[in-house]
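Encoded as structure tokens, the structure appears first; notes follow it.
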Amino acid sequence: MYYRDEDPNRTGDPDQYDYFHKFIGDITGRDPDPDFFVKSDDLPGMTQAEIDEAQREVAERQKQLDYFMKRQINQYAKSSKQRDMMYQKYNLGE
């Protein structure tokens, strides 16, 4: 493909145009306002209750993932030696 055939919207310089603000303007039907979005530095910190809830969710997700991995390993392992090796590889315990 020659460079004249390329789509400048796809292959153009992302620093030259502000594609994100144009996209937001297209979907909202108004001129994009760069101050409309909250910057990450302005967001308040998490409370201890939110941190605890997030940790519980992570622990529950990890528990479900470990259960799924154990079921897959148990189903497809050809020997107990291979099963134990896979448990050790993925830190699943017995």
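Remarks
- Packing-based ranking of 76-86, 48-58 yields 76-86, 48-58, ordered from highest to lowest mean Cβ neighbour count within 10 Å.
- Derived scalar couplings ³J(HN,Hα) [the range 73-85; Karplus, 6.51 cos²θ - 1.76 cosθ + 1.60; whole Hz; x for Gly, Pro]: 5, 4, 6, 10, 5, 8, 8, 5, 5, 5, 4, 5, 5
- Once the Cα-Cα distance is subtracted from the 0.36 nm per residue extended length, the LYS63 to SER80 segment shows a gain of 3.9 nm.
Just so you know, all these numbers are worked out from the coordinates, no wet-lab data involved. Predicted model only: the values in this text are computed from it and were never measured. All Cβ positions, glycine included, derive from the backbone under ideal geometry; neighbour counts span all protein chains shown.
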